[in-house]
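What follows is a single structure, written as structure tokens, with notes after it.
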Amino acid sequence: MPAHPPRVRHEVARLGAVAALLGAGTLYLFWPLLQAPPPPGVDRIVGDAGTDALRGLWGLDHVRRSLLPPDSPFLSHEIGFPEGVVGLVLPTATAMLLAPVTALLGPVQGWNLATALMPWGSALATATLVRRLAGSWPAGLAAGGAILAQPTLLHALGDGTAELLAFWSVPLLLAMAHDAARGRGRRFGIAAGALAVALALDSPYYAVFATVLGLLVLPGALVGAIRSGRGRAIVGSLAPTVLIAAGGALLLFGLSRYFPLDQHVVGDSLASLRGRNSVDLSVWWFLDQGMQATRDPSLAPAFIPGWTVAAALLLSLAAIPRSLPWLLAALFTLVLALGLDPDNPTWLGNWFGPAGRQVGLAVLEVNRRLTELPGISGIRFPNRWLTATALSLATAGGMGLSRLLAATARLPGGRLLAWPLCAALAALAIHLGVDRTALHRPFPAHVLPRPEFATWIAEQPQD
């Protein structure tokens, strides 16, 4: 059996190093939970009480059980027994990948481990994206650290929304689609198509986010490859993507007949709902100053730490013009995240005068028009766009950092500096995210409730 070439071995070793370091960062996120295990016989789950944590726990276990005949991930006889129902429990694709974990550890510990694996996978996928775009694993490590501790993702830990934690397929899809658009091989097109289907099965929100980001950042790669005379290779790479994505679209269209995706808001106007769930700049300022002594589960941390934003912007300048599409994507998604909050123009006016107020009013008007567009019109929580903003900034910053590392590699000891420097940047980003969101004050977890009727049923003799 032939040995792997040194280049492949080195690539795998670097990937393993990034995975291990981001794994250490994930352990830091969950350190309070690991430090104080529950008493014997007590089940404690990740997520605040009264949130979607129980639904997330049930959902992962339900998908795992539905993989066994006669059920399927789309048809279950455990709901609406005995007829069963056609349904889609989000995040479907991620739950299927995590099925071995929940089967081995059980629903409770399986859920707890899954809530760590999903952010870790999202950070590792972001590192892979930067590696594919800029050629540097150390720079990818720094970008992955920024995503691992992004406040909107950390809030999903407390809120128990598994489909928001399952962000990994967005950066990985963009990485594979970028290589397919560059005509780098059919395997990237196949991977991109499969990831597009998985993403759509995981989260309609993230499917929209990935589509918008792709439309903003991939044309440059496509045009560059066409100009270099790789037209035939591009067709060969993208054809599997189109075919697989089309098959996935037909599947989702068939499923949508059983549960309409355009349900109307009851008892409230959609504009009011979007306004309440947009980024509030006063809350951004409050949280970014580190004023939250204890974590408030009712306060969605819809912000990006200021130091993270500043570092990403400064680093991205070193990669202009290649980083420019990602900066434009960050700006566009930030505007969408500001949504329809009516108070933002007032805050901008207080901070920056009449010009700031005019900018705020312009953002409101732009968003009124953008929210009428297909896809974007289905986003009822505009503040979640900040996850896409954070990914765009981390990628642009990673591209610039990669170029700076390449320049310093020619200096004495420059190559040795790259890994410690990027590990320190990742650790700083993770610490800022944890500190500004007060994730550890206290960590979101609660004891699994045991309803009396469930205990009674469990004690009955089995027929």
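The values are calculated or read from the model by the stated rules, or taken from the named source; none is laboratory data. Bear in mind that the values here come from a model prediction, so they are computed numbers and not experimental data. Counting neighbours? That spans all protein chains shown, and the Cβs are built from the backbone with ideal geometry, glycine included. The area values use the complete protein model at the heavy-atom level, side chains included, leaving out ligands, DNA and RNA. Shrake-Rupley method; radii C 1.70, N 1.55, O 1.52, S 1.80 Å.
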Step through the residues of region 230-247 one at a time and calculate ³J(HN,Hα) from phi using the Karplus curve (6.51 cos²θ - 1.76 cosθ + 1.60, θ = phi - 60°), rounding each to whole Hz and writing x for Gly and Pro. 9, x, 5, 5, 5, 4, x, 7, 7, 4, x, 4, 5, 5, 5, 5, 5, x
Of P73, H178, G378, whose Cα points farthest to the positive end of the dipole of the chain (charges on the beta-carbon: +1 Lys, Arg; -1 Asp, Glu; origin at the Cα centre)? H178
Take L88, L104, L391 and sort them by solvent-accessible surface of the protein heavy atoms, 1.4 Å probe, largest at the top. L104, L88, L391
Not counting ligands, DNA or RNA, and with a 1.4 Å probe, what is T308's accessible surface area in Å² rounded to the nearest 10? 30
Could you work out the helix-only [θ] at 222 nm for the chain, with each DSSP H run of four or more residues adding -39,500 (n - 2.57) and the total divided by the number of residues, to the nearest 500 deg cm²/dmol? -22000 deg cm²/dmol
How large is the charge dipole for the chain, taken about the Cα centre, if only the Cβ atoms of Lys, Arg (+1) and Asp, Glu (-1) carry charge, to the nearest 20 debye? 2340
For region 20-47 and region 84-159, what is the separation of their C-alpha centers, rounded to whole Å? 16
Skip the ligands, DNA and RNA, and give the accessible area per residue of the chain with a 1.4 Å probe, whole Å². 49
The percentage of the accessible area of region 61-112 (probe 1.4 Å, all protein chains present) made up of carbon and sulfur atoms, to the nearest whole number, is 71
So the compactness index of region 342-385, its C-alpha Rg divided by 2.2 N^0.38 Å, takes the value 1.30
Charges at C-beta only: +1 for Lys and Arg, -1 for Asp and Glu. How large is the resulting dipole of region 41-117 about its Cα centre, in Debye rounded to 20? 160
A293-V86 FRET efficiency (beta carbon distance; Förster radius 56 Å; 0.05 resolution): 0.75
Compute the distance from the alpha-carbon center of region 163-223 to that of region 360-395, in whole Å. 19
Within the accessible area of region 287-426, what % is carbon and sulfur when the probe is 1.4 Å and the other protein chains stay in place? 69
For D296, what accessible area in Å² do you get when you roll a 1.4 Å probe over the heavy atoms of the protein chains, rounding to the nearest 10? 70
In debye to the nearest 20, how big a dipole does region 390-459 give about its Cα centre with +1 on each Lys and Arg Cβ and -1 on each Asp and Glu Cβ? 540
Could you order Y206, Y28 so the one with the most accessible surface comes first? Probe is 1.4 Å. Y28, Y206
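Relative contact order for the chain: what is it in percent, counting Cα pairs under 8 Å that are at least 6 residues apart?
Taking the mean separation of contacting Cα pairs over the length of the chain, I get 21 percent.
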Among P412, N367, A134, the residue whose Cα sits farthest towards the positive end of the charge dipole of the chain (+1 at Cβ of Lys and Arg, -1 at Cβ of Asp and Glu, taken about the Cα centre) is P412
Here the FRET efficiency for S282 versus I79, based on Cβ atoms and R0 = 41 Å and rounded to 0.05, is 0.45
Return the distance in nm (one decimal) between the two label points of a simple spin-label model at L416 and L314, each offset 7 Å from Cα along Cα→Cβ. 2.6
